[in-house]
Amino acid sequence: EPEVTQTPSHQVTQMGQEVILRCVPISNHLYFYWYRQILGQKVEFLVSFYNNEISEKSEIFDDQFSVERPDGSNFTLKIRSTKLEDSAMYFCASSGQIRTYEQYFGPGTRLTVT
Amino acid sequence: DQQVKQNSPSLSVQEGRISILNCDYTNSMFDYFLWYKKYPAEGPTFLISISSIKDKNEDGRFTVFLNKSAKHLSLHIVPSQPGDSAVYFCAASEYFSGSARQLTFGSGTQLTVLP
């Protein structure tokens, strides 16, 4: 069964450093998403991406965040200058063309900013 | 932001019995609702969805009921199995222009199925 994969599973970084979280969505999916879950809080939408551009972004997704689909398979989230409050689980998701609301999630990357 | 609410943080049921998980929402523009299951250290796993124009959708042991007038949905699991023990999230989607969607999640309910 096809699945979304994410690397790394855990990333530790120092405040102010740049991190890149990587995702490989399901191969025939066209819509890609990033969500995050801070410990003890809800899963929150960050950004959606379609046709090589951002479709929607939340107020959390400020100028320090960017997304890219550098090739035909990878989808990345870059955080330019990490802050302590960026520590969270980051989930990548993808959905197909017909039921775009049915999003399939990866296992997540745990980002710890020290 | 409390557009999707799951008021029960936990639920315990006996194996073989019915589990009923509840969810309320406030945004009448939501047009699809979904349930996800999540195990520790894993991502949410899609279980079942329902359109706002329907009141019931069934898939095996899982049935989702939607009461649009009450802005309430529920997930029924029958019969419950120990492997169903996980956190269950309710999520809702609203259509915007363009076709990508964002999901708004509830806070989750920890289901424990006792053998």
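Just so you know, all these numbers are worked out from the coordinates, no wet-lab data involved. Predicted model, so just to flag it, every value in this text is computed and none were measured. Every residue, glycine among them, receives a Cβ derived from its backbone with ideal geometry; neighbour counts consider all protein chains shown.
With a cut-off of 12 Å on the backbone N, the residues of region A:86-107 near the modelled label site 7 Å out from residue A:62 along Cα-Cβ are A:86.
Expressed as a whole percent, how much of the Cα-Cα distance distribution for chain B exceeds 16 Å? Tail of the P(r) past 16 Å holds 57 percent of the pairs. I'd like the FRET efficiency for residue A:85 and residue A:3, computed as 1/(1 + (r/R0)^6) with the beta carbon distance as r and R0 of 45 Å, rounded to 0.05. According to the calculation, E is roughly 0.90. When both bridge partners sit in region A:1-77, DSSP labels roughly 100% of those beta bridges antiparallel.
Look at the stretch B:103-110: the mean tally of other chain Cβ atoms within 10 Å of its residues' Cβ atoms is 4. Per-residue mean of foreign Cβ neighbours for A:24-34 is 1 (Cβ atoms of other chains, 10 Å radius). Peptide B:37-47 is shielded by partner chain Cβ atoms: per residue, an average of 5 of them sit within 10 Å of its Cβ. Taking other C-beta atoms within 10 angstrom as a stand-in for reagent exposure, B:10, A:94 fall in the order B:10, A:94, fewest first. Our Cα-only numbers for the protein assembly as shown put the radius of gyration and Dmax at 17.5, 51 Å.
Computed from label points 7 Å out along Cα-Cβ, the spacing between residue B:31 and residue B:17 is 4.0 nm. Each of B:64, B:113 was scored by other Cβ atoms within 10 Å of its Cβ. Arranged with the fewest first, they read B:113, B:64. Placing pseudo-labels 7 Å out from each Cα toward the beta carbon at residue A:53 and residue B:39 gives an inter-label distance of 4.1 nm.
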